[in-house]
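**Student:** Quick one: the structure is below, and I'll ask about it shortly.
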Amino acid sequence: MKAYKVYAIKDGTVIDHIPSTKALKVIDILGLENEGILTIGVGFSSEKMGKKDIIKIENKYLKKEETDKISLIAPNATINIIKDGRLKEKRKIEQPKEYFNIVRCLNPNCITSIGDIDTKFYTVSISPLILRCHYCERIVESGEIEIL
Amino acid sequence: MDFAGKSIISIREMDKNSLLKIIETSNRVKNGEYKNFLTGKVLATLFFEPSTRTRLSFESAMRYMGGGVIGFSGTEYTSIKKGETLQDTIMTVSGYCNVIVMRHPVEGTARLASEIAIVPVINAGDGANQHPTQTFLDLFTLSELFANLSDVRVGFLGDLKYGRTVHSLAYALSLYQSPLWFIAPDLLRMPEYLTQEIKENGSRVHEVDDLERLEEHIDVLYVTRIQKERFGDMQEYERIAGCYRVTKKVVDMLGKDIKIMHPLPRVDEIAQEVDELENALYFRQAHNGIPVRQAVLGLVLGRLD
């Protein structure tokens, strides 16, 4: 019998190919802390990535607009939707048009840096990735993007 | 764009037709086609930092057309001094008026206010970010002299890195694909992302570091102040500021039809001797603040369309 390091789920969502050690950040961004049973694998061997993390979320089917939120920390993650023990849908991550409370505004004089205001960014360009702050309208480019 | 009930926060939300509507409405207001169209309306001016032209011209614009004005300039005698949040101030004031005009030193504050207020908010400057009615009056002033904004050749001189009026006007002109010249020392060049965006909108862009290197004729020179505080070395500041000073001699060099614009206040970047020349447009710009702001108030309050 094959020994699984992370056991299979019957229904739910599997997020695979997360960069190693980023699994907890993915859970944080997706707000899954209190969403039932989660199985988290950290530092698994991966042919593509060297090391990777994996998350299995039981009895919850994450929608595309939800999983696209992790594009900044896990751009190459794969999403597997499992129903009744079978793979029903497999998809990649795409850059969303907007990011809510995920990215920090680097402008110290932005209202989101000074007040207790959630950040919001719009995607200006995907390659190279350029985002614009909804409030102060400053640009952040791929090399300088900071996750909250 | 239907302006009734809408906030005016950023020039980025404007398309060419919206700008055209503001220019045309301003023109009709200036020609005296409407009387007392703001009667019964109240404007609140919330100026969290000082202003001369913007606050006074908004208040004057409202009163000339029969409207009332409430507000404050500086927070010394307000509940903000007691620690009231911006959100609470905006929510409270928006129950006392029909429209809010707001200036605040922190960028993004006007956007936040527009998301809280139950009346339209007009951004009168949020830090170094946006000041859309300044751009409207710049465009309106240009439209009075040039029939087609797509053909007008505008050079921007001075601090192009930090100047919000330059950023907004250059962006607005790029919607018309006007050819633009950016004339600035290396230290104060137009930000690359903005130059890129302006080019993508269809404007031809030329960058030079000195007015004497202009190889083509321009119609308008838009001058901005080079601020001392941007320089660590005062000798370097004096040298650069001296090179970017507009005098009668510079006006002669640029040709008899050149128009000189400036958002004001100026310090010494345009010599006073230029004021008497027909080329000087900056006081006309400032005075156009009245019909343009009347048009904007009339449009967002649904009294003009």
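**Student:** In region B:243-263, which residues are open to solvent by 10 Å² or more (accessible area, probe 1.4 Å) and touching a helix residue (DSSP H, G or I) at 6+ places or on another chain (Cβ under 6 Å)?
**Tutor:** If the condition is that a residue be open to solvent by 10 Å² or more (accessible area, probe 1.4 Å) and touching a helix residue (DSSP H, G or I) at 6+ places or on another chain (Cβ under 6 Å), then B:248, B:263 are the ones that fit.
**Student:** Right, another one. Need a quick list: strands (runs of 3 or more DSSP E) entirely within region B:1-106 having at least 3 residues that are out of contact with any helix residue (DSSP H, G or I) (no Cβ under 6 Å at 6 or more places or on another chain).
**Tutor:** It comes to B:68-73, B:99-104.
**Student:** Name the residues in region A:1-39 that are without any contact (Cβ under 8 Å) to a residue 24 or more places away in the chain and assigned by TED's automatic domain parsing to the domain that holds residue A:81, would you?
**Tutor:** Within region A:1-39, A:24, A:28, A:31, A:33, A:34, A:37, A:38 qualify.
**Student:** Would you check if residue B:112 is over 22 Å from residue B:15 (Cβ atoms), within 14 Å of chain A (Cβ to nearest Cβ) and touching a residue at least 24 places away in the same chain (Cβ under 8 Å)?
**Tutor:** Taking the combined requirement at face value, the residue satisfies it.
**Student:** If you don't mind, there's one more thing I want to ask. Would you say residue B:203 is in contact with a helix residue (DSSP H, G or I) (Cβ under 6 Å, 6 or more places away or on another chain) and either in a helix (DSSP H, G or I) or in the same structural domain as residue B:55 (by TED's automatic domain parsing) (or both)?
**Tutor:** Judged against the criteria, residue B:203 is not a match.
**Student:** Ok, one more. For region B:194-242, which positions are under 26 Å from residue A:137 (Cα atoms), free of Cβ contacts under 8 Å to residues at least 40 places away in the same chain and either aliphatic (A, V, I, L, M) or open to solvent by 70 Å² or more (accessible area, probe 1.4 Å) (or both)?
**Tutor:** Hits for region B:194-242 are B:194, B:196, B:198, B:199, B:200, B:204, B:205, B:207, B:228, B:229.
**Student:** Please go through (1) free of Cβ contacts under 8 Å to residues at least 60 places away in the same chain; (2) crowded, with 16+ Cβ neighbours inside 10 Å for residue A:47 and return the number of the only condition it doesn't satisfy.
**Tutor:** Every condition holds for residue A:47 apart from (2).
**Student:** Same structure again: Any idea which residue in region B:171-193 is farthest from the chain's Cα centre (by Cα), counting only those that are assigned to a helix (DSSP H, G or I) and crowded, with 19+ Cβ neighbours inside 10 Å?
**Tutor:** B:188
**Student:** Tell me which of these residue A:46 doesn't satisfy, since it passes every other one: (1) over 30 Å from residue B:12 (Cα atoms); (2) within 14 Å of another protein chain (Cβ to nearest Cβ); (3) hydroxyl-bearing (Ser, Thr, Tyr).
**Tutor:** Of (1) over 30 Å from residue B:12 (Cα atoms); (2) within 14 Å of another protein chain (Cβ to nearest Cβ); (3) hydroxyl-bearing (Ser, Thr, Tyr), only one is false for residue A:46: (2).
**Student:** Tell me the strands (runs of 3 or more DSSP E) entirely within region A:1-110 that contain at least 1 residues that are within 30 Å of residue B:104 (Cα to Cα), within 14 Å of the chain's Cα centre (by Cα) and at pLDDT below 95.
**Tutor:** Counting at least 1 such residues, we get A:98-100.
**Student:** Same structure again: In this structure, does residue B:125 turn out to be more than 14 Å from every other protein chain (Cβ to nearest Cβ) and small (Gly, Ala, Ser)?
**Tutor:** So residue B:125 fails the test.
**Student:** Consider residue B:152 against the criteria (1) part of a loop (DSSP other than H, G, I, E, B); (2) within 14 Å of chain A (Cβ to nearest Cβ): it satisfies all of them except one. Which criterion is unmet?
**Tutor:** That leaves (2) as the condition not met.
**Student:** Something else now. Scan region B:264-285 for residues that are modelled with pLDDT of 95 or more and either crowded, with 17+ Cβ neighbours inside 10 Å or assigned to a loop (DSSP other than H, G, I, E, B) (or both) and report the count.
**Tutor:** Counting residues in region B:264-285 that are modelled with pLDDT of 95 or more and either crowded, with 17+ Cβ neighbours inside 10 Å or assigned to a loop (DSSP other than H, G, I, E, B) (or both) gives 12.
**Student:** How many residues does region A:116-129 hold that are touching a helix residue (DSSP H, G or I) at 6+ places or on another chain (Cβ under 7 Å) and either within 12 Å of chain B (Cβ to nearest Cβ) or assigned to a strand (DSSP E or B) (or both)?
**Tutor:** Here the count works out to 3.
**Student:** So, one more: Would you mind stating whether residue B:64 is surrounded by fewer than 21 Cβ atoms within 10 Å (Cβ to Cβ) and modelled with pLDDT of 95 or more?
**Tutor:** Here the answer is yes, as residue B:64 does meet what is asked.
**Student:** Does residue B:108 qualify as being open to solvent by less than 10 Å² (accessible area, probe 1.4 Å) and within 30 Å of residue B:278 (Cα to Cα)?
**Tutor:** no
**Student:** Do we find a residue being surrounded by fewer than 23 Cβ atoms within 10 Å (Cβ to Cβ), farther than 20 Å from residue B:282 by Cβ and not assigned by TED's automatic domain parsing to the domain that holds residue B:88 anywhere in region B:155-164?
**Tutor:** Yes; the residues of region B:155-164 include at least one that is surrounded by fewer than 23 Cβ atoms within 10 Å (Cβ to Cβ), farther than 20 Å from residue B:282 by Cβ and not assigned by TED's automatic domain parsing to the domain that holds residue B:88.
**Student:** Could you please find all residues in region A:94-115 being within 11 Å of chain B (Cβ to nearest Cβ) and either aromatic (Phe, Trp, Tyr) or crowded, with 20+ Cβ neighbours inside 10 Å (or both)?
**Tutor:** Listed by number, the residues that qualify are A:105, A:107, A:110, A:111, A:112.
Condition check ((1) touching a strand residue (DSSP E or B) at 6+ places or on another chain (Cβ under 8 Å); (2) not aromatic (Phe, Trp, Tyr)) across all residues:
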{"residue": "B:58", "(1), (2)": "yes, no"}
{"residue": "B:61", "(1), (2)": "no, yes"}
{"residue": "B:77", "(1), (2)": "no, no"}
{"residue": "B:80", "(1), (2)": "no, yes"}
{"residue": "B:88", "(1), (2)": "no, yes"}
{"residue": "B:93", "(1), (2)": "yes, yes"}
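**Student:** Give all pairs with beta carbons closer than 7 Å in which a residue from region A:55-84 that is open to solvent by 50 Å² or more (accessible area, probe 1.4 Å) meets a residue that is basic (Lys, Arg) and assigned to a strand (DSSP E or B); count only pairs at least 6 apart in sequence or on separate chains.
**Tutor:** A:64/A:91
**Student:** Tally time: how many residues in region B:1-31 are among the hydroxyl-bearing types (Ser, Thr, Tyr) and away from every other protein chain (no Cβ under 14 Å)?
**Tutor:** The total comes to 3.
The values are calculated or read from the model by the stated rules, or taken from the named source; none is laboratory data. Source: prediction; values computed, not measured. Methodologically, a virtual Cβ is constructed for each residue, glycine included, from the backbone with ideal geometry; neighbour enumeration extends over all protein chains shown. Heavy atoms of the whole protein, side chains included, go into the accessibility calculation; ligands, DNA and RNA do not. Shrake-Rupley method; radii C 1.70, N 1.55, O 1.52, S 1.80 Å.
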